[in-house]
Amino acid sequence: MLQIENTLFTIVMLIYFAAMILYFAFIAARKEGLARAAVALQCAGFALHTAALVCRGIGAGRLPLTNQYEFATSFAWGLCLVSLAFIFWYKFTVLGAFAAPVIFLIIGYAAMQSKAVHELMPALRSNWLGFHVSTAIIAYGAFGVSFVLSIIFLLRDRMKARGFLDSHIPNREKLDAISYRSVSLGLLFLTFTIVTGAIWAERAWGSYWSWDPKETWSLVTWIVYAAYLHLRIRRGWQGRAAAIFAAVGFVCVMFTYVGVNTFLPGIHSYA
Amino acid sequence: MRFAIILLVVLALACSVGSLVTQGQSYAWYAQRYSERTAALILALHLDDAFHSWWFILINAFLCVNLLLCNLLRLPSLIARTRAEADPRAILAGKGAVSVENVAAPEPVFQRLRMPKPAEAETEDGTPALVSSKNRAGLWGAWVCHLGILLLIVGFSLGQMTQKQYAVYGVPGQTRPVGDTGCAVSIDDFDIGLRADDTVEQYTARITVLGPDGQSESAEISVNNPARLFGMKFYQNSTGWAATVRVTEGGEPLQEEILCAGEYLQVADKPDLVIDFNAFYPDYVQRAGAMPETASGQLNNPGYLYSVYYQEQMIGMNVLMAGETLTIDDYAVTFSEPQPYTMIQIKEDHFTGVALAGGLVTMLGLLLAFYVQPARVWAIRQEDGRWTLRGESRKGGAIFRDQFLRAAGVKDGENIAEKEE
Ligand code: HEM
């Protein structure tokens, strides 16, 4: 099973790469057919990626969500899922072109991690771990999409080529509204993540909140996005300022995810 | 609102500072890590214990007061708005965020927008109208969310102030008191479940807790499966090694105690003489110039690191292997029968439930705020018998307008491009 997973993972990486190239070609050549092919390829990649995760789950005999490699590949999967959902829901193909490089970067990061399957230490053997990490994947995926939307928003403001933009990128107001949708999806799931994590910590360690750096940084992320919500309600702060705030939020997400493990020690170091 | 945003940003900064400065260290530690001046600054600003410092508590207090006032002040207008949201007269008085004229049949548009079946009404001047409103609960999202956060902070703070924590450790057969509670834990059994590859699958302890009045309750606890007994929660926390230490004097047995690594014994008839059991190595190896180590978790070559103190002066430290004897004057000391001990953590926090409720209420509030979007759609009959349709969704914004226009049959994009610039 793990062998199959390994092969699938490589194929998935290649497909995501090809989808990214097709998206770029679409933007360069402005041919609708390329866009449709890119989205189709991203869907195919997503299906195989799902199969790869299932194989790993069967091979390891548990949810594939417990070490750096598994979380990184799942993170890429979550971002792919949420970006596809937004592409279809809001008929917004260009989103794929900006999401694809981020997905490729994250799955590339996953490829650099050790793929060894380890048995779980007792504290990790909990159903709450499954809830905790799977909600985190959706949250991170949604924040990734909001980051991509912020970049599109900020670029859109600077670009001059109006014709193509107006037909393929929603106007500022709608971009802002879609970005708000992705942040709210992310914030809701981040709240699930923090609450399920606290319930699990309470059962495993007897303390539901201990200011461990990873906990603290997920709280910082949560607060930054809460500030984004309030900022948006104030007149005149929608749009540019909100987009910058959402991008800062994603920097916090990435710091919580990679930075904390690297720079700050704590009980989360294993994951 | 501006104050709320400033508070949130300040709180985020405070949390990140608290996580970037290693917490709970001494002046010497910080001085070595950074510099003496930085160390002095860290201590002066309580950055070594940021999350319990006066300024962190102050920020949170401000947050709570703000949330509370905000929720109280907004309550009357929120109730009024909730009433108005479904009141035909109030709805018909509005202009709507979006409107489409000359619609022949309004009912299908209501359906396409998934609005409830519209009710018949009349405008002030008696023109027939249809009104429909949904998801009023969504108006309460922010309010419920703020209430949840308030509960969360209050529950957490009260818990921090009143909680009690104890730890007991021992081997099966031992009974240990639980702090000053009058209860005692008797460890009936302790098992380390190993997988085929020697990694630990689970630590399981069977305990009986003896209450102050002689009652007792038993439970099995393992990692991730604590038990609640006598209002306290018992957690299987960790493990370590214990051993039996025997002391003889002139060949006669004097003393026998089970010590966990880290504990010491005072020789019974010479309390100035102390044997400290520092550490245990089940598979002892000593490489030249290195600290003692264990090669595996198996009991292949048990070694006991001890130190001996006389009148508080250390007079010796070494590793004693199984079967070896340490001789001090007339006394002979042996270590044997190594066995794992269990450390059980005991916690009493009556406010965990409040904090949990706060977390759940916060989630509910966010769900309401984001996914239960209030919307009103109404139709007013024109003189020609066709209808003017209007819609309003405070939160739906541009996306609601799009859906509305699509449902009313206006082509995608037509109204969108012209709105820009
Ligand atoms: C100092 C503390 C805070 C104050 C004074 C405050 C105040 C407000 C106010 C006045 C609104 C507008 C309500 C409305 O439009 O119905 C609001 C909305 C909201 N607040 Fe807060 N807030 C605070 C902290 C928080 C925090 C920490 C969160 C956590 C996520 C939060 C979540 C929300 C949400 C979800 C909304 C609705 C936003 C939306 O629908 O877009 N608030 N807040």
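The values are calculated or read from the model by the stated rules, or taken from the named source; none is laboratory data. Just so it is clear, the model here is predicted, and its values are computed rather than measured. Ideal geometry is used to build each Cβ from the backbone, glycine not excepted, and the neighbour counts take in all protein chains shown. Surface areas here come from the heavy atoms of the whole protein model, side chains and all, with no ligands, DNA or RNA. Shrake-Rupley method; radii C 1.70, N 1.55, O 1.52, S 1.80 Å.
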- Task: Under 12 Å from the Cβ of A:Gln238, count the other residues' Cβ atoms, weight Lys and Arg +1, Asp and Glu -1, and hand me the total.
- Result: +4
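Evaluate E = 1/(1 + (r/R0)^6) for A:Met159 and A:Ile21, where r is the Cβ-Cβ distance and R0 equals 25 Å; express this FRET efficiency to the nearest 0.05.
That gives a FRET efficiency of 0.70.
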- Query: Summed for both chains, how many Å² of accessible area, to the nearest 100, are buried between A and B with a 1.4 Å probe?
  - Reply: 4700
- Note on the structure: Relative contact order in percent for chain A (Cα pairs under 8 Å, 6+ apart) equals 18
- Can you give me the relative contact order of region A:1-138 as a percent, contacts being Cα pairs under 8 Å and 6 or more apart? 29
- Message: Sort B:Ser216, B:Ser16 by heavy-atom solvent-accessible area, probe 1.4 angstrom, most to least.
- Response: B:Ser216, B:Ser16
- Query: Helix B:397-407 versus the longest principal axis of chain B: what is the Cα-based angle in degrees, 0 to 90, to the nearest 10?
  - Reply: 50
- Between the DSSP loop rule and a limit of at most 15 other Cβ atoms within 10 Å, which chymotrypsin sites (Phe, Trp or Tyr not before Pro) in region B:8-60 are left? B:Tyr34
- Any aspartates and glutamates with Cα under 18 Å of the B:Lys117 Cα? List them, leaving off those in the same chain fewer than 8 positions away. B:Glu85, B:Asp87, B:Glu107, B:Glu392
- What aspartates and glutamates could a cross-link reach from B:Lys270, if we take a straight Cα to Cα line under 17 Å and drop same-chain neighbours fewer than 8 places away? B:Glu249, B:Glu252, B:Glu256, B:Glu257, B:Glu312, B:Asp329, B:Asp330
- Note on the structure: Partner shielding of B:363-375, taken as the mean number of other chain Cβ atoms within 10 Å, equals 3
- Compute the relative contact order of region B:241-339 as a whole-number percentage, counting only Cα pairs closer than 8 Å that sit 6 or more residues apart in sequence. 28
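Going through the cross-link list B:Lys164/B:Lys233; A:Lys31/A:Lys91; A:Lys174/B:Lys134, which pairs have a Cα-Cα distance over 21 Å in this structure?
A:Lys174/B:Lys134
Over the protein assembly as shown, with every protein chain in place, what whole percent of the accessible area is carbon and sulfur at 1.4 Å, could you tell me?
Result for the protein assembly as shown: 60 percent of the exposed heavy-atom area is carbon or sulfur.
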- Note on the structure: Heavy-atom accessible area with a 1.4 angstrom probe orders B:Lys117, B:Lys395, most exposed first, as B:Lys117, B:Lys395
- Item | Those residues of region B:322-356 whose amide nitrogen sits under 14 Å from the label point placed on B:Asn301, 7 Å along Cα→Cβ | B:322
- Message: Can you give me the C-alpha center-to-center distance between region B:296-351 and region A:157-229, rounded to a whole angstrom?
- Response: 51
- Listed residues B:Glu312, B:Glu120, B:Glu293; largest mean-square fluctuation, Gaussian network over chain B with Cα springs below 10 Å, found at B:Glu312
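Residue by residue through B:8-20, how many Cβ atoms from other chains fall within 10 Å of the Cβ on average?
Rounded to a whole number, the mean comes out at 6.
If you take the square roots of the eigenvalues of the alpha-carbon gyration tensor of chain A and sort them as a ≥ b ≥ c, do you get rounded (a/c under 1.5), prolate (a/b over b/c) or oblate?
Here chain A falls in the oblate category.
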- Spatial separation of Cα centroids for region B:40-111 and region A:24-48, in angstrom: 40
- chain A: angle of helix A:68-89 to the longest principal axis, Cα-based, in degrees nearest 10: 30
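Between A:Leu2 and B:Val372, what FRET efficiency comes out of the Förster formula 1/(1 + (r/R0)^6) with R0 = 51 Å and r the beta carbon distance, rounded to 0.05?
It comes out at approximately 0.75.
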- Task: Could you name every residue in region A:116-136 that has 40 Å² or more less accessible surface in the full protein assembly than in its own chain alone (probe 1.4 Å, ligands and nucleic acids excluded)?
- Result: A:Glu119, A:Pro122, A:Arg125
- Query: Other chains' Cβ within 10 Å of A:200-210 residues: what's the mean?
  - Reply: 6
- Task: Rounded to the nearest 10 degrees, what's the angle between the helix A:127-158 long axis and the longest principal axis of chain A, both from Cα atoms, 0 to 90?
- Result: 20
- For chain A, report the accessible area per residue in Å² (1.4 Å probe, heavy atoms, rounded to an integer). 39
- Item | For region B:121-155 and region B:194-214, distance of Cα centres in Å | 51
- Query: In region B:222-243, which residues have a backbone nitrogen under 13 Å from the label point lying 7 Å from B:Arg176's Cα in the Cα-to-Cβ direction?
  - Reply: B:235-243
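How much length would be gained if the chain were fully extended between B:Glu120 and B:Glu217, taking 0.36 nm per residue of separation minus their Cα-Cα distance, in nm to one decimal?
28.4 nm
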